[in-house]
Amino acid sequence: MNDQNLLEQLRLDPGQRDGHGRVKRRYWLVAGVVLLVALGGGAALMLTPRPVPVETVRSQSTAALAGGVAVLDATGYVTARREATVSFKITGKLADVLIEEGDALEKDQVLARLDDVDERTRLALAQARLRAVQAQHGQIEAEADQAARDLRRQQELRERGLAPQQALEDARTRVASLAAQLAAQRGQVEVARAELQVAQVNLDNTVIRAPFAGVVVAVPAQPGEIVSPISAGGGFTRTGIATIVDMDSLEIEVDVNESFINRVRPGQPVAAALDAYPDWRIPARVIAIIPTADRSKATVKVRIALEGKDARIVPEMGVRVSFLQEGGADAAPDGVLVPAASIARRDGASVVFMLEGERVRQRAITPGQAYGDLVLVGEGLAADLTLVRDPPASLADGVRVEVGSGG
């Protein structure tokens with residue numbers, strides 16, 4: 001086969017070329033449509049704004065401010081007026097610890113026990129000694145009764161002239177001697193009883209009980225440790241067994257600058273807010289102003305009673321307080337309280353952003369008196385609204401948002 005024949009075989013006729021061209025045109029048409037759809041969808045996604053992540057807070061009623069308006073703000077801590085670290089009165093090896101942190105205790109509930117083998121042995125010895133001296137007392141008492149009867153007989157015989165004077169004197173001497181021995185033995189019995197009481201007290205001291213009802217906040221000791229009421233052995237001896245707090249005795253202590261202490265008086269109403277729960281207002285009242293100043297800080301300590309008890313309040317929590325000025329009537333101011341962090345500036349005005357479904361609505365407000373980290377808004381808002389905390393600069397009316405973990 002020559003070269004010319006090969007070329008003829010590879011040549012396509014006009015009909016075949018037209019069909020192949022149509023297939024290629026259809027392919028590029030479909031590909032173009034798909035590309036346009038993809039580009040359109042991507043553009044739509046790019047043009048649709050993503051929701052703004054936000055955290056929320058709530059507006060609240062002014063009921064906590066029924067005492068009046070704030071005249072002074074201060075910070076302090078929750079403290080327990082009644083708190084005790086309990087320890088054994090004697091030194092010994094800790095056998096059992098019957099409590100854990102967080103346990104609620106009743107008064108006189110058993111907390112821990114020492115190894116009491118030695119104390120029980122001493123108690124048994126004291127009991128045996130008491131029985132022995134009581135037996136000796138009984139023997140001497142019987143001999144004294146017999147000596148008294150012998151003395152009476154000798155006196156009768158002497159009066160009748162049937163007994164010598166010496167026998168009468170010997171009987172009298174024996175009665176006196178046994179009386180002295182009986183008195184001494186009574187003293188021994190009292191000593192033995194006292195020793196028994198001491199042994200019983202030492203045995204009782206191997207058990208430690210709750211001095212008052214409260215909650216266990218620390219249990220540093222463990223079974224097997226040597227414990228003592230005083231530190232010994234270079235600090236390796238455990239002294240405290242547990243720390244108990246009477247939660248009903250919780251109060252607030254704050255340091256007030258001495259320049260402003262004239263604004264505080266006993267019985268004055270106070271609005272308190274825990275650092276852990278800044279939006280929760282706790283009614284309180286001044287208990288007392290401690291009559292001494294801290295020279296290094298130029299402050300005066302003030303004790304404040306919490307008028308509401310709650311399990312969320314625990315010792316050593318940070319707290320902010322607002323001392324309120326009582327007016328003529330115990331009426332709360334009109335309006336609602338909003339966290340200061342929810343207020344933003346837009347076009348020179350103060351605004352808040354309220355959450356409505358997935359979007360926010362901007363509302364202009366007029367901020368009033370500040371109460372710690374809360375601000376009074378006289379009108380335009382209601383209590384228990386969901387507001388955006390720390391509104392970002394990109395947030396505007398109608399923007400879609402996504403509430404984060406802090407909301």
When you scan segment 109-124, do you find a residue that is in contact with a Pro (Cβ under 8 Å, 6 or more places away or on another chain) and exposed (fewer than 15 other Cβ atoms within 10 Å of the Cβ), even just one?
no
I'd like to check something: does segment 78-87 contain any residue that is surrounded by 14 or more Cβ atoms within 10 Å (Cβ to Cβ) and free of Cβ contacts under 8 Å to residues at least 60 places away in the same chain?
no
Evaluation of GLU156 against (1) charged (D, E, K, R); (2) over 13 Å from GLN134 (Cα atoms); (3) at pLDDT 90 or above (one fails), failing number
(3)
Pairs with Cβ under 6 Å, 6+ apart, first in segment 279-302 and farther than 19 Å from SER322 by Cα, second surrounded by 15 or more Cβ atoms within 10 Å (Cβ to Cβ) and among the hydrophobic types (A, V, I, L, M, F, W, C)
ALA293/VAL300
May I ask you to list the residues in segment 161-208 that are under 23 Å from ARG122 (Cβ atoms) and of a type in the set (Gly, Ala, Ser)?
GLY187, ALA192, ALA194, ALA199
Number of the exception - VAL215 against (1) within 27 Å of ASP103 (Cβ to Cβ); (2) assigned to a loop (DSSP other than H, G, I, E, B)
(2)
So, ASP397, is that one closer than 24 Å to ALA276 by Cα, in a loop (DSSP other than H, G, I, E, B) and touching a residue at least 12 places away in the same chain (Cβ under 8 Å) or not?
no
Can you tell me which of (1) in contact with a Pro (Cβ under 8 Å, 6 or more places away or on another chain); (2) under 30 Å from LEU274 (Cβ atoms); (3) surrounded by fewer than 19 Cβ atoms within 10 Å (Cβ to Cβ) is the one LEU250 doesn't meet?
(3)
Of all residues making up segment 298-333, the number that are in contact with a helix residue (DSSP H, G or I) (Cβ under 9 Å, 6 or more places away or on another chain), among the aliphatic types (A, V, I, L, M) and at pLDDT 80 or above
6
In segment 210-262, how many are at pLDDT below 90, farther than 18 Å from VAL86 by Cβ and in contact with a strand residue (DSSP E or B) (Cβ under 6 Å, 6 or more places away or on another chain)?
0
Members of segment 138-161 found to be surrounded by 14 or more Cβ atoms within 10 Å (Cβ to Cβ) and under 12 Å from LEU178 (Cβ atoms), listed by number
ILE140, GLU141, GLU143, ALA144, ALA147, ALA148, ASP150, LEU151
Do we find a residue being modelled with pLDDT under 85, buried (at least 16 other Cβ atoms within 10 Å of the Cβ) and in a loop (DSSP other than H, G, I, E, B) anywhere in segment 341-360?
no
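Among the residues of segment 181-200, how many are of a type in the set (Asp, Glu) and surrounded by 17 or more Cβ atoms within 10 Å (Cβ to Cβ)?
Counting residues in segment 181-200 that are of a type in the set (Asp, Glu) and surrounded by 17 or more Cβ atoms within 10 Å (Cβ to Cβ) gives 1.
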Quick count over segment 170-180, residues being buried (at least 17 other Cβ atoms within 10 Å of the Cβ) and either among the polar types (S, T, N, Q) or within 11 Å of HIS137 (Cβ to Cβ) (or both), is 0
Would you confirm, using the coordinates I've provided, whether ALA104 is buried (at least 18 other Cβ atoms within 10 Å of the Cβ), touching a residue at least 24 places away in the same chain (Cβ under 8 Å), closer than 30 Å to ALA311 by Cβ and under 38 Å from the mean Cα position of the chain (by Cα)?
no
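Only one of ALA271, ALA288 is touching a helix residue (DSSP H, G or I) at 6+ places or on another chain (Cβ under 9 Å) and assigned to a strand (DSSP E or B); which?
Working: ALA288 fails: touching a helix residue (DSSP H, G or I) at 6+ places or on another chain (Cβ under 9 Å).
Among ALA271, ALA288, only ALA271 is touching a helix residue (DSSP H, G or I) at 6+ places or on another chain (Cβ under 9 Å) and assigned to a strand (DSSP E or B).
The values are calculated or read from the model by the stated rules, or taken from the named source; none is laboratory data. All values reported here derive from a predicted model rather than from experimental measurement. Cβ atoms come from the backbone with ideal geometry, glycine included; neighbour counts cover every protein chain shown.
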